[in-house]
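Take a look at the structure below.
Just so it is clear, none of the values below were taken in a lab; they were calculated from the coordinates. For clarity, every value in this text was computed on a predicted model and none was experimentally measured. Cβ atoms come from the backbone with ideal geometry, glycine included; neighbour counts cover every protein chain shown.
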Amino acid sequence: MTSDREQDLRDRVAAFVAGHDPRADLMEYLRARFDSGLAWVHFPVGLGGLDLPRPLQAIVDGELAAAGAPDNNPRRIGIGLGMAAPTILAAGTDEQRRRWLRPLWTGEEVWCQLFSEPGAGSDLAAVATRAVRDGDSWVVNGQKVWTSMAHEARWGILIARTDPDVPKHAGLTYFACDMTDPGVEVRPLRQLTGEAEFNEVFLTDVRIPDAHRLGAVGDGWRVAQTTLMNERVAIGGGNAPREAGAIAAVVTAWRERPELRTAAAHDELMRLWVEAEAVRLTGIRLRQQLAAGSPGPEGSAAKLAFARLNQDVSGFELELLGSDGLRYDDWSTDTWTTERPAVVDFLARSAGYRYLRAKGNSIEGGSSEILRNIIAERVLGLPGEIRVDKDVPWKDLPK
Amino acid sequence: MSADLLYSDVEEQLRASVRDLLAKRAPVAEAIARTESGEPYDQDLWRALAREVGITGLAFEEEVGGHGASWREVAVVAEELGAAVTATPFLGHTMAAVAAQTAGARDLLPGLLSGERTATLAVTAGGPRASDIEVDGAKITGQLTGVIDALTADVLLVPTAHGLHLVEAAAVSRTPVPSLDMTRPLCDVTFHSAAATQLAEPGAGARDSALLVGGALLSSEQLGLAQRCLDTTVAYLKERYQFGRPIGSFQALKHRAADLWAAIAQARAVARYAAACVADQDPDAPVAVALALAYCGPVAVRAAEECVQLHGGLGFTWEHPAHLYLKRAKADAILLGTASAHRARLAELVALPASAP
């Protein structure tokens, strides 16, 4: 029965390829692919999917790649695909799903995530950005930070405080914010690598129609959980081949440059190789689990391991390369000037860049310390942290 | 990669029945007393596992006397045997059966697969090395120190420079060794012109295939042991109160438990991959097994060490079984080679040489 379903899907892809030429108009081609249910097969019919199990998407992607068809450049629209889309699907109205999902998937509309604030990092539920109801819309004021792609985004998923008089988790509401609103100001945020991959976003009297609210008023925290669980899966998951990722640069250097080899470095190299392979297999197992259900706390563990691995491998790589490791990036250009990369190409850069950029891996998308709390409490059932702010109205919390 | 790293429903049912049987017939509390008795092996349990679960023949084809399942199922049994620190000759016997099969010893197999006769692969625990056993026609002479599961074996399968030899246990002298891990005790085996039957020529791969399957099963045992240590420790963190709070509410301890859980989640993916590769005779099996032993051994040791530490004073007593897990985990991490030995093996397999050519 499964193989029948797989064959049907292959036939469907073949029919689609025969009827659509991506060289004519790429965007028309991508829209047609969405309308044929071949965008993400696990989504509902009519919303880019076919109501099929998620792993079957690999068949579609494989067949299309074999046919030489271009994709929707998923790395550029990762936040939309990985975080906004599952949230819109889970919490959106039919109208919202129809409006947003297609241009999100084709890449016509880039999405960003307006969650973190200067005063709300790990304690995300403490966000201070206010949304005040005014007729059919909301007036939003506040400051967001660490917003990738805000400078290219058309939409931002936003959590804002709609009721300061109740405890912090209860007073939040989830919106889609139009980034072209005149009250939205995006400023680059330069990070320790020298680049500005991220932004600060200042929201001043931004008007958001109530029709752009996702979920009920006051239900923003629950809606955000869908986003965050998917974020960790997106960061920690992956189905890469052996020796892909950060370890690739190290094993290549080891094989090509025998003069770098020492006995002590060899055992360290093999420790990291083992860890990389363990992380890779765990990611594959996680995806196999996801095929049977929805993302759970296992995604937190994958993200935790991924961060540590990237940091350990890139730190080792720098030492292995010795004096070459001390030269930052391509030394023919001055890369300490601010650049704004659309996507982070971890592997195309120098060892020094990898080392520095990996430092963000244990902070972004839930710090490793918060992830350990999540595992301890939600998986192992250990007691929660003592919460001094639990029953206090948000407005009365010390800030 | 297509290997299924999850557990099938059948595997989970098998796990439940083995766990049930072990809980009834081999409670961990009794395991401590057994280590000090004259009979460290639980022979009744071993017979019950062979008869009721069929673990001796599970992965072998029916035409040679097996049950036609695969090493994936046996690996799940190994997890449970590790979780309960059971004292049975499972590992040595299973490796011997694989060696016998590779050698094509079809007369020997049915007795081993039914569990009627118990065997072990006679190699020195702690990194099998080239044996100095001398073979003279149908007689062998020499000594092997620190052999697992030989104490209660009926027959020994002895890899030598001349191939694989079958020796009846009655023809050798066995000296029990006070062992770090008394749930898998060692003995020294001496052969004085012992009658030996050659089962395989050198190079037939009998020893290597046995160690490959044995390695996959050992990594699953390590996984099961680690998971049980974590479960026991987490339960204790919830019930033990100090400073007016369960100690599991302290972040320093929660984070240790979370890190251990994450390491065990990785060990599970790695051990399942090894089991799947061995079951499917995948060409990647040597890499998968070396990886599994390099990864799961240290995770099991860490789990047992955390179990001792996080139980505080209780974990340091003889009365609490934490020490059985610690000893088993540490012995397991040496038995078929240390993690660093497996990393060195991996380096050869994946072309990452130690030094300049």
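Couple of notes before you dig in:
- Neighbouring partner chain Cβ atoms per residue of B:245-258, average, 10 Å criterion: 5
- For the stretch B:292-334, average projected area of the Cα convex hull in nm²: 2.6 nm²
- Using the Cβ-Cβ distance between A:E108 and A:D267 with R0 set to 60 Å, the FRET efficiency works out to roughly 0.75.
- Per residue of A:376-389, other chain Cβ atoms within 10 Å of the residue Cβ number 5 on average.
- Taken about its Cα centre, chain B carries a charge dipole of roughly 1160 debye when the Cβ of each Lys and Arg holds +1 and the Cβ of each Asp and Glu holds -1.
- Taking amide H atoms as placed 1.01 Å from N in the peptide plane, the amide H of B:G146 lies under 5 Å from those of B:C187, B:D188, B:V189, each 5 or more residues away in sequence or on another chain.
- Per-q log10 I(q)/I(0), the stretch B:75-208, q = 0.13 Å⁻¹ (Debye; single scatterer per alpha-carbon; no solvent): -0.50
- Helix-derived mean residue ellipticity, 222 nm - over the protein assembly as shown, DSSP H n ≥ 4, -39500 (n - 2.57), to 500: -14500 deg cm²/dmol
- Estimated translational D of chain A in µm²/s (Stokes, Kirkwood radius over Cα pairs; 25 °C; 0.890 mPa s): 107 µm²/s
- Taking Cβ separations below 4.7 Å as the criterion for a possible disulfide partner, the isolated cysteines in the protein assembly as shown are A:C112, A:C177, B:C187, B:C277, B:C296.
- Separation in nanometres of the label points that stand 7 Å from Cα toward Cβ, at A:N141 and B:E116: 9.0 nm
- Local electrostatic count, A:T180, Cβ distance below 14 Å [Lys/Arg +1, Asp/Glu -1]: -4
- Each of A:D391, B:D332, A:D11 was scored by other Cβ atoms within 10 Å of its Cβ. Arranged with the fewest first, they read A:D391, A:D11, B:D332.
- Selected from B:T120, B:T317, B:T152 as most flexible by GNM, with chain B as the system and alpha-carbon contacts under 10 Å: B:T317
- Loop-exposed chymotrypsin sites (Phe, Trp or Tyr not before Pro) per DSSP, neighbour cap 13 Cβ within 10 angstrom, longest uninterrupted part of chain A: A:1-330
- The stretch B:1-130 - percent relative contact order, Cα under 8 Å, separation 6 or more: 25 percent
- The stretch A:182-199 residues near the modelled A:D134 label - backbone nitrogen below 18 Å, point 7 Å along Cα→Cβ: A:182-185
- Contact order relative to length of chain A, as percent, for alpha carbon pairs under 8 angstrom and 6 or more apart: 14 percent
- Taking a Cβ cut-off of under 14 Å around A:R207, the surrounding Lys, Arg, Asp and Glu residues balance to a net charge of -3, with basic ones at +1 and acidic ones at -1.
- Neighbour-count order for A:D8, B:D154, fewest beta carbons within 10 angstrom listed first: A:D8, B:D154
- Residue with peak Gaussian network fluctuation, chain A [Cα springs, cutoff 10 Å], from A:D210, A:D181, A:D94: A:D94
- Net charge contributed by nearby residues that have their C-beta within less than 14 Å of B:Q251 (K/R +1, D/E -1): +1
- Protection proxy ranking of B:236-244, B:88-96 - average other beta-carbon atoms within 10 Å, highest first: B:88-96, B:236-244
- Selected from B:A262, B:A125, B:A100 as most flexible by GNM, with chain B as the system and alpha-carbon contacts under 10 Å: B:A262
- Computed over the Cα atoms of chain B, pair by distinct pair, the Kirkwood hydrodynamic radius stands at 20.7 angstrom.
- Residues B:S37, B:S114, sorted so that the one with the fewest Cβ neighbours within 10 Å comes first: B:S37, B:S114
- Averaged over the residues of peptide B:264-272, the number of Cβ atoms from other protein chains lying within 10 Å of each residue's Cβ is 6.
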